[in-house]
Amino acid sequence: MVQECIKNHRGSINLEKNSLEELCDADADAISHFDSVPSLLYLAYVQKGMGIEDGKEFVKNKLA
């Protein structure tokens with residue numbers, strides 16, 4: 001179960017969450033990024049050179 005939680009915890013990778021534990025772990029990972037929105041924006045727009053829409057989707061996926 002722990003292996004599946006680790007494998008499926010990322011919200012930016014659309015993998016099916018097969019247990020409540022996997023869903024909780026994925027939510028916790030997303031919530032952990034809430035205080036780092038400025039750094040996510042910097043990563044998307046400055047370091048990765050994304051355009052407005054691509055950067056917006058990148059940040060939304062990190063927070064989803």
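What follows is calculated from the coordinates using simple rules that are stated; it is not laboratory data. Quick caveat: nothing in here was measured; it's all calculated off a predicted structure. Counting neighbours? That spans all protein chains shown, and the Cβs are built from the backbone with ideal geometry, glycine included.
Within a straight-line Cα-Cα reach of under 20 Å, LYS56 can be paired with the following aspartates and glutamates, leaving aside sequence neighbours fewer than 8 residues apart in one chain: ASP27, ASP29, ASP35. Cross-link reach is defined here as a Cα-Cα straight distance under 21 Å, omitting same-chain residues fewer than 8 places apart; for LYS7 the lysines meeting it are LYS17, LYS60, LYS62. For the chain, the longest principal axis of the C-alpha atoms and the axis of helix 52-63 are separated by about 30°.
In plain terms, the bigger the Kirkwood radius, the slower the diffusion; for the chain, with that radius from Cα pairs, at 4 °C and 1.567 mPa s, Stokes-Einstein puts D at 105 µm²/s.
Charges were assigned to the Cβ only: +1 to each Lys and Arg, -1 to each Asp and Glu. The resulting dipole of the chain about its Cα centre is roughly 260 debye. Inter-label distance, ALA64 to GLU16: 1.8 nm, where each label sits 7 Å from its Cα along the C-beta direction.
Counting other Cβ atoms within 10 Å as a rough exposure proxy, the listed residues LYS56, LYS17, LYS62 run LYS56, LYS17, LYS62 from fewest neighbours to most.
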